[in-house]
Structures are given as structure tokens and as C-alpha cells.
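See below for the structure under consideration.
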Amino acid sequence: MTEPYYWFGRNPPEDAETAWGARAIYVGDPPFIDLLPDRQGWRGEAGPARKALAAWVNAKGLPNIKEACVGLVGSSAEVVSWTDGSRVIEASPNRSYGHLYLVAYDNLSHDERISQAIAKFPKTFGLRGFPGQRFSLSQRSSYVREGEVVLYTVTATGEDFAKGSPAEIRAEVVQ
């Protein structure tokens, strides 16, 4: 996992594999939040998980946390948060009198991430290069490595067969 040289913003939970943090300029009611490019950082590898979180932060997280900050003064240590499914964004002035410390992260366990990936596949499927054989995906054998889901296919008799990212396996699936 790639860690920034210096983390800006509130600290994400230790088990959050992908997170964004920022220290923004903050002026009270109505809230004005000015994000500075050099006061933002990421936890986790650059890739699909980070890209999805960034899109969520921009489209949903920031607009909703701005609403949650109504009435929050710069001398406060209060933490406000907004949750959308498995994603969370938090903010606090941290008694800074002019800054807002933000963090956004995916709040999914490894098992939940694996389950979500498996749910996007048919219950059984064929694989290119193995005509006539049927395969499924194994929750038990699949895992998360460096923030990315790795799925294991299993044979009809339940034996582990092959592993790959959801995209790699999807490219080999035939009906």
C-alpha cells in the first residue's frame, strides 16, 4: 500500500485500504470550503478503487459534507460525517479557526468487497479454452491484495482452478 509522505486531513480508520484526506480553507456560515491541490493525499494504490472513491468524493461526498457543516464554527472540534452506502466522508475544523480537516474512505470489509465482485457474475459459467466445463467463483478462496479483489474460480467438484482480477476472469467467461 502506498502511503503519502505527509497525510493531510483527518486520519482514516486503519483498515481502510483506500482513503482520501485534505486540509481545506474553511470559513463558517454558510460553509465555504476551498480545497488546495497541495494539501490533499491518498492512501492506497492508484487504480480502480481510488478512481471510484475520487469520483464519489467529487459528485456526492463534498456537496453533502458541505451541507453537514452548516452551523459548524472554526473553533469547534466537532466531527460531522455523511455516509452513502459503504462510503464515508468526515470533516472537522479541529479548533483550527480557518481549516477543515476531511477524510473519505470505503467502509467495506474484505468479505463484503469479495461478495460484491462475485455477485456481478453468473452463478456458473464456462471459461474460454475449457469447452463443456462449468465453473463458479469461490468466496472461501478469493481474497483482497493491495486493495484489489482476487477471485478464484472453482470446478464443478469444488476444486480451486484459476485466479484473477474480476476483469481478467470476466474476459475469459463464456456462456
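Any read-out appearing in this document is the output of simple, stated calculations on the displayed coordinates, not a laboratory observation. Here the structure is a predicted model, which means the values were calculated and not measured. No Cβ is skipped: glycine too gets one built from the backbone with ideal geometry, and neighbour counts run over all protein chains shown.
In the chain, what is the count of Lys pairs whose alpha carbons are under 21 Å apart, counting only pairs at least 8 residues apart or on separate chains?
4
To the nearest 10 degrees, how steep is helix 110-119 against the longest Cα principal axis of the chain, on a 0 to 90 scale?
Between helix and principal axis, roughly 60 degrees.
Using only the Cα atoms of region 110-174, what are the Rg and Dmax in Å?
That works out to 11.0, 34 Å for Rg and Dmax.
Using only alpha carbon pairs under 8 Å that are at least six residues apart, calculate the relative contact order of the chain and give it in whole percent. Don't skip to the end; give the middle numbers.
Values: 368 pairs, mean separation 32.9, N = 175.
Normalised by residue count, the contact order of the chain is 19 percent.
Please tell me the relative contact order of region 115-163 in percent, rounded to the nearest whole number, where contacts are Cα pairs under 8 Å and at least six residues apart.
Computed over region 115-163, the figure is 27 percent.
Could you point to the label whose value was computed as Rg and Dmax of the Cα atoms in Å for the structure here, given (1) 18.2, 62; (2) 21.5, 68; (3) 20.4, 67?
(3)
List, in order, the whole-Hz ³J(HN,Hα) value for each residue of region 74-84 obtained from phi through the Karplus relation with A = 6.51, B = -1.76, C = 1.60 and θ = phi - 60°; use x for Gly and Pro.
x, 8, 7, 10, 4, 10, 10, 9, 9, 10, 9
So, with +1 on the Cβ of K and R and -1 on the Cβ of D and E, and no other charges, what is the size of the charge dipole of the chain about its Cα centre, to the nearest 20 debye?
The dipole of the chain has a size of about 420 debye.
As a footprinting exposure proxy, order ILE169, ILE89 by other Cβ within 10 Å, with the fewest listed first.
Lowest to highest Cβ neighbour count: ILE169, ILE89.
log₁₀ I(q)/I(0) of region 6-62 at q = 0.24 Å⁻¹, via Debye over equal Cα point scatterers, no solvent, to two decimals?
Listed by q, the Debye log ratios stand at -1.08.
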